[in-house]
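Notes for the one structure printed next.
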Amino acid sequence: MVAKTPPNTTVQIILAIAVGIFVIYSAGLINEKLNEKPFAETGAAVMQGKLLEQAYTSNDCTVSSSDLSLSTEEQKLLPLINEYRAQNSLAAVQISPTLQKAASWKARDMHTNNYLSHTDSLGRGWYQITADCGYPYATEVNVAEIAASGYSTASSVLSAWKASPAHNAMLLWPGFRAAGIGQVGSYWSVMFAEKLDSAPTNDTIAPTVIITSPINGADVSGNVDISVSAIDNVAVTKVEFYVDDILKSSDSASPYIYTWDTTTASNGNHTLSALAYDAATNVGISSDVNVIVSNGGLPSTPYGNITGTVTGSLGGVLSGVKVTTTLTGTKKTLSSTTNSAGVYKFTNIPPGTYILKYQAKGFIAQSATVFVTTGATTVKNVVITKR
């Protein structure tokens with residue numbers, strides 16, 4: 001399957017999948033400007049999967065180490081595909097070393113020879129390429145290719161494939177378990193297959209994990225859904241949810257959600273965090289999210305304070321420094337000016353995250369982030385640099 005964006009935003013789409021020793025092959029053309037309906041190609045291309053493979057001139061599958069290793073955008077594409085499959089209740093695909101080699105070969109060959117096709121410059125179809133690159137089950141299971149040119153990022157090429165029903169069907173083919181991803185310039189090749197020959201042995205990339213809800217500084221009560229986004233270059237196997245560094249639950253399938261009963265926690269500040277694991281035992285750790293539990297009315301002391309001392313980079317406290325911040329949950333600006341002792345104060349302000357900005361004539365403006373907790377005084381001392 002190929003998606004191409006040449007000049008004038010024309011998109012070409014062809015689908016190629018070998019089913020055992022049989023071949024299904026269809027093609028179409030979509031012009032984004034004219035909105036033409038897809039049309040079917042005919043002729044020898046329909047038999048590409050087997051007949052053209054009989055005429056190939058070489059079994060070459062020489063791939064450089066730089067092409068074989070996953071680039072930044074290639075690393076992004078696999079978790080995006082797996083996240084999309086998880087949203088549709090499908091199993092993740094993992095990188096196959098041999099399919100990775102096949103996809104890397106194909107992307108480099110298309111880039112070097114300036115073409116876009118399921119037949120490489122040696123006359124081989126995607127099916128033969130995977131076999132020549134060492135995939136051991138090429139004659140036993142479904143093998144497919146999707147390809148594209150004109151897309152520089154993982155997100156843009158995936159969007160193009162998802163927008164095409166035929167490409168989308170390959171992304172969501174239930175049986176796929178293995179994949180290889182190749183990108184050279186704006187050329188992409190992704191090889192899929194239904195059986196994983198071997199898992200990567202050198203995976204050292206930890207999953208990326210972010211708590212998406214609730215937000216930092218939020219007031220929470222009752223039952224609260226803690227939502228986590230976790231992606232990996234291969235696949236996330238498990239996400240763990242922690243409250244105040246105590247394990248509360250785990251989830252092995254996206255979307256990763258834990259419903260926290262905050263009535264079991266004391267009113268006041270609590271810290272949420274998450275860990276994400278992959279099959280190679282790499283662990284990703286989220287940034288902490290601080291929340292304020294408020295059940296049965298507000299906590300007894302619903303406000304906090306900020307104070308600190310401002311000194312100059314050459315020594316000595318500074319008076320007359322203007323310190324400003326925005327009241328959490330509003331657009332209201334709060335202001336304080338340092339006294340003769342260089343001290344500033346904000347009193348009786350709601351808990352949450354505050355960005356403090358320090359400005360004084362003859363000094364470089366500076367900012368600092370602080371977190372105010374219920375009933376406590378946060379101290380933030382800063383040193384500002386003379387111009």
(message) Give me the residue from the stretch 144-170 that is farther than 19 Å from Y115 by Cβ and assigned to a loop (DSSP other than H, G, I, E, B) and, out of that set, most open to solvent (accessible area, probe 1.4 Å).
(response) T153
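If I filter the stretch 171-180 for residues that are closer than 19 Å to D67 by Cα and open to solvent by 10 Å² or more (accessible area, probe 1.4 Å), do I get at least one hit? It would help to see each step written out before you state the result.
Going through the stretch 171-180, the residues closer than 19 Å to D67 by Cα turn out to be 178-180.
Cutting the leftovers down to open to solvent by 10 Å² or more (accessible area, probe 1.4 Å) gives us none.
So far as the stretch 171-180 goes, no, none of its residues is closer than 19 Å to D67 by Cα and open to solvent by 10 Å² or more (accessible area, probe 1.4 Å).
Here is a list: T309, T337, T328, T377. Which entry is under 36 Å from the mean Cα position of the chain (by Cα) and hydroxyl-bearing (S, T, Y)? Break it down into steps so the answer makes sense when it comes.
Working: T309 fails: under 36 Å from the mean Cα position of the chain (by Cα); T337 fails: under 36 Å from the mean Cα position of the chain (by Cα); T377 fails: under 36 Å from the mean Cα position of the chain (by Cα).
Checking each option against the conditions leaves just T328.
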(request) Would you check if D278 is farther than 28 Å from T328 by Cβ, touching a residue at least 40 places away in the same chain (Cβ under 8 Å) and of a type outside the set (A, V, I, L, M)? (result) yes
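Per-residue answers, yes or no, for (1) among the charged types (D, E, K, R); (2) within 30 Å of T237 (Cα to Cα):
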{"site": "L275", "(1), (2)": "no, yes"}
{"site": "N282", "(1), (2)": "no, yes"}
{"site": "I285", "(1), (2)": "no, yes"}
{"site": "L327", "(1), (2)": "no, no"}
{"site": "K331", "(1), (2)": "yes, no"}
{"site": "T347", "(1), (2)": "no, no"}
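Here's the yes/no breakdown for (1) hydrophobic (A, V, I, L, M, F, W, C); (2) farther than 15 Å from G150 by Cα; (3) open to solvent by 30 Å² or more (accessible area, probe 1.4 Å):
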| residue | (1), (2), (3) |
| --- | --- |
| V93 | yes, yes, no |
| K101 | no, yes, yes |
| M110 | yes, no, no |
| N114 | no, no, yes |
| S121 | no, yes, yes |
| I129 | yes, yes, no |
(message) Any residue that is at pLDDT below 90 and part of a helix (DSSP H, G or I) - is there at least one of those in the stretch 102-122?
(response) no
(request) Please work out which one of (1) out of contact with any Gly (no Cβ under 8 Å at 6 or more places or on another chain); (2) open to solvent by 80 Å² or more (accessible area, probe 1.4 Å); (3) part of a loop (DSSP other than H, G, I, E, B); (4) modelled with pLDDT under 85 is the condition S287 fails and give its number. (result) (4)
(request) Select from the stretch 75-101 the residues that are in contact with a Leu (Cβ under 7 Å, 6 or more places away or on another chain), not in a helix (DSSP H, G or I) and not polar (S, T, N, Q) and list them in ascending order. (result) L90, I95
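Results for (1) open to solvent by 20 Å² or more (accessible area, probe 1.4 Å); (2) assigned to a loop (DSSP other than H, G, I, E, B); (3) modelled with pLDDT of 95 or more, shown as yes or no for each residue.
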position	(1), (2), (3)
G217	no, yes, no
A230	no, no, no
Y242	yes, no, no
K248	yes, no, no
A253	yes, yes, no
(request) State whether the residues of the stretch 121-131 include one that is over 28 Å from the mean Cα position of the chain (by Cα), without any contact (Cβ under 8 Å) to a residue 24 or more places away in the chain and more than 14 Å from Q100 (Cβ to Cβ). (result) yes
(request) Give the residues of the stretch 327-377 that are of a type in the set (A, V, I, L, M) and either assigned to a strand (DSSP E or B) or within 15 Å of G312 (Cα to Cα) (or both), sorted by residue number. (result) L334, A341, V343, I349, I355, L356, A360, I364, A365, A368, V370, V372
(message) Can you say whether I205 is within 16 Å of the chain's Cα centre (by Cα) and open to solvent by 40 Å² or more (accessible area, probe 1.4 Å), as far as the supplied structure shows?
(response) yes
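Does the stretch 47-64 include one or more residues that are part of a helix (DSSP H, G or I), within 30 Å of the chain's Cα centre (by Cα) and modelled with pLDDT of 85 or more? Give the derivation first.
Of all residues in the stretch 47-64, those part of a helix (DSSP H, G or I) come to 47, 52-55.
When the remaining residues are screened for being within 30 Å of the chain's Cα centre (by Cα), the result is none.
The answer is no, given that none of the residues of the stretch 47-64 is part of a helix (DSSP H, G or I), within 30 Å of the chain's Cα centre (by Cα) and modelled with pLDDT of 85 or more.
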(message) For a quick check of your reading of the model, give me the residue pairs whose first member lies in the stretch 321-339 and is farther than 17 Å from K380 by Cβ, whose second is among the hydroxyl-bearing types (S, T, Y) and assigned to a strand (DSSP E or B), with beta-carbon atoms closer than 7 Å and at least 6 apart or on different chains.
(response) K332/T326; T333/T324; T333/T326
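The values are calculated or read from the model by the stated rules, or taken from the named source; none is laboratory data. Everything numeric here is computed off the predicted structure, so don't read it as measured data. So basically every Cβ, Gly included, is an ideal-geometry build from the backbone, and we count neighbours across all protein chains shown. Note: accessible area is taken over every heavy atom of the protein model, side chains too, but ligands, DNA and RNA are not part of it. Shrake-Rupley method; radii C 1.70, N 1.55, O 1.52, S 1.80 Å.
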